[in-house]
Each structure stands twice: as C-alpha cells, then as structure tokens.
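The values are calculated or read from the model by the stated rules, or taken from the named source; none is laboratory data. From a predicted model like this one, the values you see are computed outputs, not experimental measurements. Cβ coordinates were reconstructed from backbone atoms using ideal geometry, including for glycine residues, and neighbour counts include every protein chain displayed.
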Amino acid sequence: MNVYCMKDVVASMNLRVRDFTEDVEAWIDFVCRCWDGKLDYQEYDLIKGKVANDKVYRVVDMYHSGIWDKERALKEIRVYPSYDQLAFITQNAVDTLLEFQEYQEV
C-alpha cells in the first residue's frame, strides 16, 4: 500500500479548484449535469464536494428525475451526515498536491 501526504491547497499553486463543501445547491446541479454527460468537471484540476452515499444518491436521483424539486432535495440532503471527498481530475493536481511518503506490505 502506498502512503501519501497531501499538501494544503493554496491559490499560489495555480490549480483550478472547485469547492462545493459549503454550497450544496451548486453541488447538486453540478452532479446532475455530470449525470447528463456534461463535461463541467474538466474545467477543474481538483473538485471538493459531498460524497453521494446511498441515501444522498437517492435524493439526488429523485431531484434529477424531476420527482422532487430542488428545495425538497436540499432539505433532505441537509438531514444526512455530511462527508466530503476530493476528486483529482488532472495529473497536475496529483503531482502538485500529493507527496509519496512510504509503502507498506499488506
């Protein structure tokens, strides 16, 4: 297993970062656009946002399918515990932010 250390993301790194950690409304629309095959994610090197676990996935699906409006979906999402994830979109983000520390046999 490889172990890496991640550097703090700072503006001086010239990375295109999209942070959805505090903007659930923009996040849900972004996810739906990606589900529709849009390539919005390609505008960024790194994306920070919610993890769509089983419960959150169902809420986004209800919104995406038109069964729920955005207000209802956002209300539901805010009830669930929030877990964030990082998506490394480009090799530049990996090379800039991750530093190899060690490997371990498993």
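When region 38-79 is examined, which residues are found to be farther than 20 Å from Arg16 by Cα, assigned to a helix (DSSP H, G or I) and among the charged types (D, E, K, R)?
If the condition is that a residue be farther than 20 Å from Arg16 by Cα, assigned to a helix (DSSP H, G or I) and among the charged types (D, E, K, R), then Asp54, Lys55, Arg58, Asp61, Lys70, Glu71, Arg72, Lys75, Glu76, Arg78 are the ones that fit.
Looking at region 1-29 only, could you name the residues that are in a loop (DSSP other than H, G, I, E, B), free of Cβ contacts under 8 Å to residues at least 40 places away in the same chain and more than 23 Å from Ser82 (Cα to Cα)?
Those that are in a loop (DSSP other than H, G, I, E, B), free of Cβ contacts under 8 Å to residues at least 40 places away in the same chain and more than 23 Å from Ser82 (Cα to Cα): Val10, Asn14, Arg16.
Which of the numbered conditions does Ser82 fail, given that it passes all the others? Conditions: (1) surrounded by 15 or more Cβ atoms within 10 Å (Cβ to Cβ); (2) at pLDDT below 95; (3) touching a strand residue (DSSP E or B) at 6+ places or on another chain (Cβ under 8 Å); (4) not in a strand (DSSP E or B).
Of everything listed in (1) surrounded by 15 or more Cβ atoms within 10 Å (Cβ to Cβ); (2) at pLDDT below 95; (3) touching a strand residue (DSSP E or B) at 6+ places or on another chain (Cβ under 8 Å); (4) not in a strand (DSSP E or B), Ser82 misses just condition (1).
Quickly run through region 30-60 and pick out the residues that are of a type in the set (D, E, K, R) and touching a residue at least 40 places away in the same chain (Cβ under 8 Å).
Asp45
Of all residues in region 14-52, which are surrounded by fewer than 13 Cβ atoms within 10 Å (Cβ to Cβ), more than 27 Å from Lys75 (Cβ to Cβ) and either of a type in the set (S, T, N, Q) or at pLDDT below 95 (or both)?
Within region 14-52, Asn14, Gln42 meet the criteria.
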